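Here the structure comes first, spelled out in structure tokens, and everything after it is commentary.
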Amino acid sequence: MADKSRNFTEIPLGKYKELQEGGDRLLRLAEVKSRTGLGTTTIYKYMKDGDFPKQIHIGPRMVGWLESEINAWIMAQANFISG
């Protein structure tokens, strides 16, 4: 049987509670695409290259991104473009 080890970011319980209290949300792929204007393939390529926030597994077949990290990435792109 194939090794089904996973390579993903897990949120420790304490950090999860901190996120909830701080108002940070988990965004699904459709929302990330809408906010960034990027396509699915580009998002995953940028993640692989280390140029985009990593996804967080929130279930066996479900991932999300921290809203604060996506917002920070968008602001960094805006700052880079405006120079």
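Quick note: the coordinates plus some simple rules give every number you see, no bench work behind them. Predicted, not measured: the structure shown is a model, and the values here were computed from it. Positions of Cβ are generated from backbone atoms using ideal geometry, with glycine treated the same way; all protein chains shown enter the neighbour counts.
Could you please report the charge total around T42, scoring K, R as +1 and D, E as -1 over all other residues with beta-carbon less than 14 angstrom from its beta-carbon? Numbers along the way, then the final one.
Working: positive: K33, R35, K45, K48; negative: D49, D51.
Once positives and negatives cancel, what remains is +2.
What ranking do 45-53, 27-35 get when scored by the average of other Cβ atoms within 10 Å per residue, highest first? Don't jump to the answer; show the numbers that get you there.
Working: 45-53: 13.1, 27-35: 15.1.
With the highest mean Cβ count within 10 Å placed first, the list reads 27-35, 45-53.
Positive contributions from Lys and Arg (+1) and negative ones from Asp and Glu (-1), summed over other residues with Cβ under 10 Å from the Cβ of W65, come out at +1.
For I58, the residues 5 or more places off, or on other chains, whose built amide H falls under 5 Å of its own are V63, G64. With a cut-off of 11 Å between beta carbons, the residues surrounding E31 carry a summed charge of +3, where Lys and Arg count +1 and Asp and Glu -1.
Gain on full extension, evaluated as 0.36 nm per residue between S82 and H57 minus their Cα-Cα distance, stands at 5.7 nm. Reported to two decimal places, what Rg/Rh ratio describes region 21-82 when computed on Cα atoms with Rh from the Kirkwood expression? In region 21-82, Rg relative to Rh is 0.96.
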